[in-house]
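The values are calculated or read from the model by the stated rules, or taken from the named source; none is laboratory data. From a predicted model like this one, the values you see are computed outputs, not experimental measurements. Positions of Cβ are backbone-derived with ideal geometry, glycine not excepted, and every protein chain shown enters the neighbour counts. Side chains included, ligands, DNA and RNA excluded: accessible areas come from the protein's heavy atoms. Shrake-Rupley method; radii C 1.70, N 1.55, O 1.52, S 1.80 Å.
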Amino acid sequence: MSIPFGVHIPFVDNLGFTLEKFENGTSELHYSPRAEHHNSFAITHGGAVMTLLDVVMATAARSVEQEMGVVTIEMKTSFMRPAKTTGDEHLLAKGLLLHRTKTMAFTDGKVYDADGQLCAHATGTFKYVKRTPSVSSPISTD
């Protein structure tokens, strides 16, 4: 059973990520790439994998300060093997908050295929920011 992200992220909705763990500086996401998320080799596009890593690291950072948002300051990604899935399989992303200050979060993220093989690894730095009302939220003029 998936956990709500707590915010509406249209790009994440479009990719179909689900949040499965969100606590104590850790997070886990599932992602079942569709054909339109593949590259010319018929495997998950690296940009989609990087987005998955970005989101899993951001949710790990947010898991200890849920009322705040985070923005990506820096991210480094290494790809070890293709992120392949077939049928009903999904990729598993795990995020970990390594260190935080009052305004910054330093994180680690990993993506595994359905066989449990590490496909990609990233580190990221995020800045905590106060949430503002969403532009897409209805605004009352009363």
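If I filter segment 63-75 for residues that are outside any strand (DSSP E or B) and either open to solvent by less than 50 Å² (accessible area, probe 1.4 Å) or closer than 15 Å to Asp113 by Cα (or both), do I get at least one hit? Yes: one or more hits. Is it the case that segment 32-46 has a residue that's in contact with a helix residue (DSSP H, G or I) (Cβ under 9 Å, 6 or more places away or on another chain), open to solvent by less than 50 Å² (accessible area, probe 1.4 Å) and assigned to a helix (DSSP H, G or I)? Yes, some residue in segment 32-46 is in contact with a helix residue (DSSP H, G or I) (Cβ under 9 Å, 6 or more places away or on another chain), open to solvent by less than 50 Å² (accessible area, probe 1.4 Å) and assigned to a helix (DSSP H, G or I).
Does any residue of segment 47-62 turn out to be open to solvent by 20 Å² or more (accessible area, probe 1.4 Å), assigned to a loop (DSSP other than H, G, I, E, B) and not hydroxyl-bearing (Ser, Thr, Tyr)? Within segment 47-62, none of the residues are open to solvent by 20 Å² or more (accessible area, probe 1.4 Å), assigned to a loop (DSSP other than H, G, I, E, B) and not hydroxyl-bearing (Ser, Thr, Tyr).
A single member of Leu15, Leu96, Leu19 is within 26 Å of Lys127 (Cα to Cα) and touching a helix residue (DSSP H, G or I) at 6+ places or on another chain (Cβ under 6 Å), and it is Leu96.
Filter segment 10-20 down to the residues that are open to solvent by less than 70 Å² (accessible area, probe 1.4 Å) and touching a residue at least 24 places away in the same chain (Cβ under 8 Å), then identify the one that is nearest to Ala48 (Cα to Cα). Before the answer, list the steps.
Step one: list which residues in segment 10-20 are open to solvent by less than 70 Å² (accessible area, probe 1.4 Å), which gives 12, 15-20.
Of the ones still in play, those that are also touching a residue at least 24 places away in the same chain (Cβ under 8 Å) are 12, 15, 17, 19.
On the way: Val12: 10, Leu15: 8, Phe17: 10, Leu19: 16 Å.
This residue is Leu15.
With a requirement of 2 or more residues that are open to solvent by less than 50 Å² (accessible area, probe 1.4 Å), at pLDDT 95 or above and among the aromatic types (Phe, Trp, Tyr), the strands (runs of 3 or more DSSP E) lying completely within segment 81-142 that satisfy it span 118-130.
Per the conditions (1) part of a strand (DSSP E or B); (2) modelled with pLDDT under 95, the sole criterion not satisfied by Ser78 is (2).
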